[in-house]
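Before any comments, here is the structure.
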Amino acid sequence: MKNRLEKLLLQAQGQQNDLLRQAESSDSFALRIAAQSMDSHIADLKQQLTSLSDKAEIELMEFRFVASQFNRGSMPLHIVSRAAEEIRQMIGYAALRISQGGLRKKRIPGYLYEDLDLRLTGLLPGSSRLLVTAAANRDLFDEGISKAAIGRIFSVLESQGKGKGFLEAVTDLGPFGAKSLRNFIHLANSTNAKLDFTWRYSGKEVLSWTGNEKALKQIEDALDVTELSSREEVNLEGIIELLSKRERMHLLSDSNEVIKILFPKRMLDQVAGLHLNQRVKLRCSVTETANPHTGEASIFYELIDILG
């Protein structure tokens, strides 16, 4: 497929160059327009090649701003720089939350950004599409820090800003990642643009989200008012009902309540020593996530230590 796309790209570029030469020699406005009309086709071929190149090494994200002012595939530099910084921070904070846990860690260490290797690889037409890549570094189980971070951002968007799913997704993303996502949506709204978000890996689409005016407003309003607050630390006892490589476990308490517990990747080795139906005592932090706009609130637990 890559060879075919490379041939098509060379053909399209050759045809465009021929048209430009003919337009120059004949001073033909129509030929110039015909040459310019091929820009979008060439850009699409380049994007497809980008998604295939180093396909096992990158997560490819496309942020598409849809508005009349972006129709030619260009964007004011201050919007590009602000968008890039918010993307950098929301993925960085999501990765920090996944790897280290805790709600209030404000500094993303340099080594984590090095591992993510976030790059702006293109600005393409239709209307304007920002292409951003992150190092995949997926393991034998097809899991990686970039994949998990991007997945948590999509979980917030797909929740539509409503219900328990939204509260859980915001808690998983963390307050600083959620703030950067909110700022990014604010930026799109300030340009009166719709926002489409597509994620590809290994040349295939993983997830996509279409942010029309209504969807963006719902997410924006929900993120504006939702509050995450650390309440206390508690000891929990019960039987392990579920253990997931996606940093989650379910604990069946003595009162027959199923308690969902998140754990950071730094504790993966300790958690790996546990097994289903094992009775354990855990030290957990407690977080309350509340949306005053809807009156919804939920309690979430995060593992701090395994006591026994």
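Using a probe of 1.4 Å on the protein chains alone, the accessible area found for Y301 is around 50 Å².
Heavy-atom accessible area, probed at 1.4 angstrom with all protein chains present, ranks K214, K265, K46, K260 as K214, K260, K46, K265, highest first.
Highest mean packing comes first when the peptides 293-299, 94-100, 121-127, 274-280 are listed by Cβ atoms within 10 Å, giving 94-100, 121-127, 293-299, 274-280. Within the straight-line cut-off of under 20 Å between alpha carbons, the aspartates and glutamates reachable from K7 are D18, D39, D44, D54, sequence neighbours fewer than 8 places apart in one chain being disregarded. Separation of the alpha carbons by more than 29 angstrom is noted, of K106/K260; K147/K281; K164/K217; K204/K260; K105/K194, for K147/K281; K204/K260; K105/K194.
Solvent-accessible area of D142, all protein chains in place: 70 Å² (probe radius 1.4 Å, heavy atoms, ligands and nucleic acids excluded). Using +1 at the Cβ of each Lys and Arg and -1 at the Cβ of each Asp and Glu in the chain, identify which of P264, Q69, I185 lies farthest towards the dipole's positive end. Farthest towards the positive pole: Q69.
Per-residue ellipticity at 222 nm computed for the chain from its helices equals -14000 deg cm²/dmol, with DSSP H segments shorter than 4 residues left out and the rest contributing -39,500 (n - 2.57). F154 exposes around 0 Å² of accessible area when a 1.4 Å probe is run over every protein chain in place. For region 87-229, a/c is not less than 1.5, where a ≥ b ≥ c are the root eigenvalues of the C-alpha gyration tensor, and a/b does not top b/c. That puts it in the oblate class. Shape class of the chain from the alpha-carbon gyration tensor: prolate, with a/c at 1.5 or above and a/b greater than b/c. Computed about its Cα centre, the charge dipole of region 203-293 is approximately 500 debye, with only Lys, Arg, Asp and Glu carrying charge at their Cβ. For region 74-179, the carbon plus sulfur part of the accessible surface works out to 53%, probe radius 1.4 Å. In a reduced charge model with +1 at each Lys and Arg Cβ and -1 at each Asp and Glu Cβ, the chain shows a dipole moment near 360 debye about its Cα centre.
Note on region 79-126: dipole from Cβ charges, positive end direction compared against L120, A95, A84; the farthest Cα belongs to A95.
Under the shape rule built on the C-alpha gyration tensor, where the axes satisfy a ≥ b ≥ c, region 174-308 is prolate, since a/c reaches at least 1.5 and a/b is greater than b/c. Taking θ as phi - 60° and the Karplus parameters 6.51, -1.76 and 1.60, the scalar couplings of region 138-146 work out to 6, 8, 5, 9, 6, 10, x, 5, 5 Hz in sequence order, x denoting glycine and proline. Close amide-amide hydrogen proximity is noted between R248 and F263, each under 5 Å apart and 5 or more residues distant or on a separate chain (H modeled in the peptide plane; Pro and chain starts excluded).
Figure note: H186, H78 ranked by solvent-accessible area, largest first, 1.4 Å probe, ligands and nucleic acids not counted: H78, H186.
Charge dipole of region 157-253 (Cα centre as origin; +1 on each Lys and Arg Cβ, -1 on each Asp and Glu Cβ, all else neutral): 400 debye, rounded to the nearest 20.
Ranking L157, V132, A169 by how far each Cα lies toward the positive end of the dipole of region 110-177 (charges on Cβ) leaves L157 at the top.
The values are calculated or read from the model by the stated rules, or taken from the named source; none is laboratory data. The structure presented is a predicted model; accordingly, all values stated were derived computationally and were not measured. Positions of Cβ are backbone-derived with ideal geometry, glycine not excepted, and every protein chain shown enters the neighbour counts. Remember, those area values only see protein heavy atoms, side chains included, never the ligands or the DNA or RNA. Shrake-Rupley method; radii C 1.70, N 1.55, O 1.52, S 1.80 Å.
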